[in-house]
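Q: Once you've had a glance at the structure underneath, I'll fire off some questions.
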Amino acid sequence: MRSDIVKKGATRCAHRSLFHANGYGPEDLQKPLIGICNSFNEIIPGHIHLREIAEAAKLGVAAAGGTPFEFPAIGVCDGIAMGHTGMKYSLASRELIADSIEAVAMASGFDGLVLIPNCDKVVPGMLMAAARLNIPAVVVSGGPMLPGRFHGHDVSVSQAFEAAGKFAAGQMDIAEMTDLESKCCPGCGSCAGLFTANTMNSLTEVLGMGLPGNGTIPAAYTGAGAALMDLIKKDIKPRDIMTREAFENAITVDMGIGGSSNTVLHLTAIAHEAGIELPAPLFDEISRRTPYITKLSPAGKHHMTDLNEAGGIPAVMHELSKKGLIHLDALTITGTVGDRIKNAEVLNRTVIHSVDDPYRKEGGIAILKGNLAPDYAVVKASAVAADMLTYTGKAKCYNSETEACDAIMAGEIHDGDVVVIRYEGPKGGPGMQEMLNPTAVITGRGLKVGLITDGRFSGASQGACVGHISPEAMEGGPIALIEDGDEITIDIPNRSLSLAVSDEELAKRKANWKKPEPKIKTGYLSRYAKLTTSASTGAVLK
């Protein structure tokens, strides 16, 4: 056992004494030592109930013949961090999570890991750690929040963000807004729509690292312990599961359900840790051939509970497999994908459409290129209205999310504009802030505009919003050279993002461009800005 390095032999006498100090006896040390990484905290609604899951996971490990040891991981609530300096830490926290799990697991000599996340950066951070360490691991997510009810309709946190725009436009008064905020998030769990957390929890299931239902129902708590101990006996490691075929399955399901655009960043980063390259064209290639068969909030009215009742991710995978889009022989923590989904069925065709009658013939995410995005940009096409899939407008440029949001709230943005938010990329932000505040206010005000950024979007964002523009402004990318009034065309069907400015004029502007001073010069974010790569390579640290 790997844990023998901390418990076997005369030179480990002191080590064993320290285990005894924690209440573990000689018989406990004869078993595999299992780390239970619990990201519980009292800040994130999706994590406040994770202590119960950790206790159940420990019981499951013990019952299956292992000795469990619980340890923590940090987590940031993206909703609470949104719209201020705190959001700069969200993506950057992914690396802290992966690094801290690596440190504890390596220092402790664990034989396996049960990883308990639920929200945005914690899920990919834990998967990155699993791929990097490559010791047997199981991910057990906390499950989605129920939708709230407001004026007879299901609602979630996205409606609360949009309320700011409605309030500014005079469409909602303070009493109604207060009523909404008290009802849209009725209890614990990851926010109810197909936002980043629930997308990543669903894709964890598709990758094979989670149990069936991991993305749509409260986790099968005790089953995780038994599954992990079986992986240890069979010596099945994360890189045996997270293969190129597994990532292609994840991208396919992502396109089929219209998941968060953040998955392009996260899947690329997880694959990087597993030694696999996921070039941006692969996402678009898979999107082109994958029908979009669910329409969940923010793109539609259904929430994760509806998807679960309709058959969940296994039903989605089974449906997509009818077109030969799923690698059925890919391994999971409990057998092959084919074994896992063979008996799945769609129980509600209003939630999960047939592959022969999809919402759209192509997937939910599109990869754009052009003279504005020489490397790539990403848009959640499934959340764009049909009449905005091709859009041309005049640029209004802002050098931070705060500047742009203030301008939108002040009524400076009008139909026909393209809001340009730059210097918010991995290096420029630093930390690549999500742009839910401006996109939600635009939606709330009913504006017909485009928005482009070298930052990124929340899974709750909707509209003609193009993010991850690479190279970013801080590296002198073309987005840094846009001027007010320039004409910008977003052409999602043709996968193009273009600026109607000649190459000669762009060269002149580039010659006059000066790199701005970093927004943050001390602490973790300063170090992060120096080490992070482009969004086009997953914003991983090198």
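Q: Roughly what angle does helix 312-321 make with the longest principal axis of the chain, taking Cα atoms, 0 to 90 degrees, to the nearest 10?
A: On a 0 to 90 degree scale, this one is about 70.
Q: Please work out which option in (1) 23.2, 75; (2) 27.2, 96; (3) 45.4, 139 gives Rg and Dmax of the Cα atoms in Å calculated from these coordinates, and answer with its label.
A: For Rg and Dmax of the Cα atoms in Å, the calculated option is (1).
Q: About the Cα centre, and with charges only on the beta carbon of Lys, Arg (+1) and Asp, Glu (-1), how big is the dipole of the range 378-481? Nearest 20 debye, please. Let's see the in-between values first.
A: Working: 8 positive and 12 negative charges, 39 e Å.
The dipole magnitude comes to about 180 debye.
Q: When only the heavy atoms of the protein chains count and the probe is 1.4 Å, how do R456, R16 rank by accessible area, highest first? Could the numbers behind the result be given before it?
A: On the way: R456 0, R16 65 Å².
So, going from the largest accessible area down, we get R16, R456.
Q: Enumerate the calculated ³J(HN,Hα) couplings along the range 188-193 in order (Karplus 6.51 cos²θ - 1.76 cosθ + 1.60, θ = phi - 60°), each rounded to whole Hz, writing x wherever the residue is Gly or Pro.
A: 5, x, 6, 3, 5, x
Q: Can you tell me which lysines have their Cα less than 17 Å from the Cα of K514? Leave out same-chain residues fewer than eight positions away.
A: K514 reaches K427.
Q: In addition: HN-Hα J couplings of the range 98-112 from phi, Karplus 6.51/-1.76/1.60, θ = phi - 60°, integer Hz, Gly and Pro as x?
A: Values per residue, Gly and Pro as x: 4, 5, 5, 5, 4, 4, 5, 5, 6, 5, 9, x, 5, 8, x Hz.
Q: Another one. Using 0.36 nm times the number of residues separating T533 and I520, minus their current alpha carbon distance, what extension gain do you get? Numbers along the way, then the final one.
A: Details: separation 13, 0.36 × 13 = 4.68 nm, distance 1.72 nm.
Length difference between fully extended and current span is 3.0 nm.
Q: Treating only the Cβ atoms of Lys and Arg (+1) and Asp and Glu (-1) as charged, compute the dipole magnitude of the chain about its Cα centre; round to the nearest 20 debye.
A: 1200 debye
Q: Turning to a different aspect of this structure: Quick one: with all protein chains in place, what share of the accessible area of the range 452-542 is carbon or sulfur, to the nearest percent (1.4 Å probe)? Provide the component values of the computation, followed by the final result.
A: Details: 1940 of 3850 Å².
Carbon-and-sulfur percentage of accessible area, whole number: 50.
Q: Only residues of the range 110-154 count here: report those whose backbone N is under 20 Å from the spot 7 Å along Cα→Cβ of K301, or say none.
A: The answer is 146-154, whose backbone nitrogens lie closer than 20 Å to the label point.
Q: Using only the Cα atoms of the range 70-221, what are the Rg and Dmax in Å?
A: 17.7, 59
Q: Summarise the accessible area of the range 195-343 (1.4 Å probe, protein heavy atoms) by the percent that is carbon and sulfur. Kindly include the intermediate steps, with their values, before the conclusion.
A: Working: 2200 of 4510 Å².
The nonpolar share, carbon plus sulfur, comes to 49 percent.
Q: Further question: Using a cut-off of 13 Å between beta-carbons, work out the net charge of the residues near P374 (Lys and Arg +1, Asp and Glu -1, P374 not included).
A: Numbers: positive: K369, K510; negative: D375, D454, E472, E475, D503.
Result for the local shell: -3.
Q: Same structure, new question: Tally Lys and Arg at +1 and Asp and Glu at -1 over the other residues with C-beta under 15 Å from the C-beta of K530: what net charge comes out?
A: Details: positive: K88, K427, K515, K519, K521, R527, K542; negative: E95, E472, E475, E517.
In short, +3.
Q: What is the distance, in nm, between label points placed 7 Å from the Cα along the Cα-to-Cβ direction at E483 and at A62?
A: Simple spin-label model gives 7.1 nm for this pair.
Q: Further question on the same structure: Need the C-alpha centroid separation for the range 465-542 versus the range 63-101, integer Å.
A: Going from one Cα centre to the other spans 28 Å.
Q: Sort F40, F247, F69 by heavy-atom solvent-accessible area, probe 1.4 angstrom, most to least.
A: Details: F40 50, F247 0, F69 25 Å².
I get F40, F69, F247, largest accessible area first.
Q: Here is a further query. Probe radius 1.4 Å, ligands and nucleic acids left out: which of H84, H302, H266 has the largest accessible area, and how do the rest follow? Kindly include the intermediate steps, with their values, before the conclusion.
A: On the way: H84 90, H302 25, H266 0 Å².
My answer, sorted largest first, is H84, H302, H266.
Q: In the chain, with Lys and Arg counted as +1 and Asp and Glu as -1 at Cβ, which of these residues, A129, S3, G467, has the Cα nearest the positive end of the dipole, that is, farthest along it?
A: Positive-most Cα among the choices belongs to S3.
Q: Tell me the net charge near G215. Cut-off is 12 Å between Cβ atoms, G215 excluded, with +1 for each Lys or Arg and -1 for each Asp or Glu. Present the calculation step by step, with values, prior to reporting the outcome.
A: Numbers: positive: none; negative: E205, D254.
Taking every other residue near G215 into account, the sum is -2.
Q: How many Å² of accessible area per residue for the chain, probe 1.4 Å?
A: On the way: 19640 Å² over 542 residues.
Accessible area per residue: 36 Å².
Q: How far is helix 436-445 tilted, in degrees, relative to the longest principal axis of the Cα atoms in the chain, given as a value from 0 to 90 rounded to the nearest 10?
A: For helix 436-445, the angle is close to 50 degrees.
Q: How much accessible surface does E277 have with a 1.4 Å probe, in Å² rounded to 10?
A: 150 Å²
Q: OK, next. Does anyone have the angle between helix 262-273 and the longest principal axis of the chain? Alpha-carbon axes, 0 to 90°, nearest 10?
A: So the helix axis and the longest Cα principal axis differ by about 40 degrees.
Q: Can I ask one more? Could you work out the mean projected area of the convex hull around the alpha carbons of the range 217-296, in square nanometres to one decimal? Walk me through the numbers on the way to the answer.
A: On the way: hull surface 26.2 nm².
The number I arrive at for the range 217-296 is 6.6 nm².
Q: Tell me the carbon and sulfur percent of the accessible area for the range 374-421, rounded to whole percent, probe radius 1.4 Å.
A: 52 percent
Q: Report the full-extension gain for the segment E277 to S108: residue separation times 0.36 nm, less the Cα-Cα distance, to one decimal in nm. Provide the component values of the computation, followed by the final result.
A: Numbers: separation 169, 0.36 × 169 = 60.84 nm, distance 3.02 nm.
This chain segment gains 57.8 nm when fully extended.
Q: If you restrict to DSSP beta bridges whose two residues both lie in the chain, what percentage is antiparallel, to the nearest 5?
A: Details: 24 of 54 bridges.
Antiparallel bridges make up about 45 percent of those DSSP assigns within the chain.
Q: To continue, here is another question. Amide H to amide H under 5 Å from A137: which residues, 5+ apart in sequence or cross-chain, H placed 1.01 Å off N in plane?
A: L113
Q: If you don't mind, there's one more thing I want to ask. Tell me, in nm to one decimal, what length is gained between D357 and A385 on full extension, where the rule is 0.36 nm per residue of separation less the Cα-Cα distance? List each step's numbers first, then the result.
A: Details: separation 28, 0.36 × 28 = 10.08 nm, distance 1.88 nm.
Contour length minus the Cα-Cα distance gives 8.2 nm.
Q: Any idea of K121's accessible area? Nearest 10 Å², probe 1.4 Å.
A: 10 Å²
The values are calculated or read from the model by the stated rules, or taken from the named source; none is laboratory data. Quick caveat, the model's predicted, so the values are computed rather than measured. Here Cβ is always computed from backbone atoms with ideal geometry, including for glycine, and neighbour counts include all displayed protein chains. We work out accessible area using only protein heavy atoms, side chains counted, and drop any ligands, DNA or RNA first. Shrake-Rupley method; radii C 1.70, N 1.55, O 1.52, S 1.80 Å.
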